[in-house]
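Taking it in order: structure first as structure tokens, then the write-up.
The values are calculated or read from the model by the stated rules, or taken from the named source; none is laboratory data. Since the model is a prediction, treat every value here as computed from it, not as a measurement. Here the Cβ positions follow ideal geometry from the backbone for every residue, glycine too, while neighbour counts run over all protein chains shown.
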Amino acid sequence: MARTTSLTKRTLISKANSTIVIATTVAAFVFVFTLVAGKSLLGQMGYQNRVIDAKKIALSRLQTDLAARDKLQQSYKDFVAKNPNVIGGNPAGAGVQDGDNAELILDALPSRYDFPGLTTSLERLVTGQNLKIISISGVDEEATQGPKSASPNPAPVPMPFQIQVNGSYESVQNLVDVFQRSIRPFQIQTLELTGDPSSMIARIQAQTFYQPEKDLKITTKVVK
């Protein structure tokens, strides 16, 4: 009887030890899983908080940009509708100083190489001073220039030309003055005069410019 009781106690102790080992193993697994899951959740929470903060900053900047856009749009409308224009002309007229301000600004520094357009502008300037055009020449580089790619900091590109006119000395002076006051920049490099004050031939070598478009880059940011 005593032997049977001893075996029973050993069996119970063995079962209890097995239960304790299993419970300890399960507890250790749960503890390790909880640590790993907790670390992962904390990492996800930190990442989501960074995303939310970045979105708040982007939203605030977007709201500021939209307000600036509306203000710029209204300023542009006011600028275009201004009468007289910035050089004292009629916005709806067709004279040398006429045209709305937006048109004048685009004519001042075009974004594309356009030699035929330049010769048309020169013809208007010359005939407006009662001068006769003998020749307008230059190298039409449209094929080699091509469309310039936009860049964040575009630089003006020179467009050289030569012009020969005939008229009075006063008219030639007026032409030079018009070049200097023109909204489109002109650089006179050489000026040769021949003849007498009433009938003079002026040979002018000069250059103007165009400037490729400015590229407004929109970037993206990866939140890590």
Would you check if there is a residue in region 187-207 being under 16 Å from P160 (Cα atoms) and at pLDDT below 90? no
Selection count where residues are part of a loop (DSSP other than H, G, I, E, B), within 26 Å of the chain's Cα centre (by Cα) and either exposed (fewer than 10 other Cβ atoms within 10 Å of the Cβ) or among the acidic types (D, E) (or both), scope region 56-102: 1
Which numbered condition P197 fails, given (1) within 20 Å of E123 (Cβ to Cβ); (2) touching a residue at least 24 places away in the same chain (Cβ under 8 Å): (1)
Suppose we filter region 169-188 for residues that are under 22 Å from P158 (Cβ atoms) and either of a type in the set (V, I, T) or not assigned by TED's automatic domain parsing to the domain that holds I134 (or both); how many remain? 4
Enumeration of residues in region 122-140 that are in contact (Cβ under 8 Å) with a residue 40 or more places away in the chain and either surrounded by fewer than 17 Cβ atoms within 10 Å (Cβ to Cβ) or more than 20 Å from Q180 (Cα to Cα) (or both): G128, N130, I134
With the first residue restricted to region 153-180 and required to be buried (at least 17 other Cβ atoms within 10 Å of the Cβ), and the second required to be part of a loop (DSSP other than H, G, I, E, B) and of a type in the set (S, T, Y), Cβ contacts under 6 Å at 6 or more apart or on different chains are S168/S198
